[in-house]
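Nothing in this text is a laboratory measurement; each read-out follows from the coordinates by a stated rule. Not measured: the values here are computed from a predicted model. For neighbour counting, all protein chains shown are included, and Cβ atoms are generated from backbone atoms with ideal geometry for every residue, glycine included.
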Amino acid sequence: MMLKRLFGVFLLVWGILFLISCTSLTALSVQPESPEVLLVNVTPLDTTMFEQRLQVDLRVRNPNDFDLEVTGLDFTLHLNEQRLARGLTNKTSTIPRLGDSVLSVETTTSTLDVIRQLLNLRQNQDVTYQIEGVLHTQGARLPFENKGVLIDEKSFSGSSTGS
């Protein structure tokens, strides 16, 4: 009789521990929501005959209810639907829960691509951007994509629409 009781208690304790471990594993396997990544600024750095260095500042917004420990970033930046630059960084950073942070990445592009971008600008055209890539964290790859207007066509005209 005593042995049956001990075996029953053992099964009960083992079952509780099993349920607790399953709950912990489920909590750890939560897939984070992808961040929103916005282009904040592009600053020209060094220029050579064949190459243009740029600093690209990106605002990363974390929609998750926990901090994102960023271990790397890989992105491609397009202006007016033409590739301008690709950026890579392995700098670590923490994006606070339900917050944002600006990440600066130095990139390289072809001087010819920059000149081509400038020659394709017209006065009656918005300057648009598209950024797409992957944010690397401690166990997940979070893809992102965003697009917007850097400069609208009204900025080029120099005239106000109210007169």
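Near the amide H of Asp126, under 5 Å away, which other amide H atoms are found, from residues 5 or more places off or on another chain, if H is placed in the peptide plane?
Glu153
Which three extents, in angstrom, do the Cα atoms of the range 36-150 have along their principal axes, listed largest first?
45, 31, 19
For a Förster distance of 35 Å, can you work out the FRET efficiency between the beta-carbons of Glu132 and Ile16, rounded to the nearest 0.05?
0.15
Arrange the peptides 68-80, 89-101 so that the one whose residues have, on average, the most other Cβ atoms within 10 Å appears first.
The densest-packed peptide leads the list: 68-80, 89-101.
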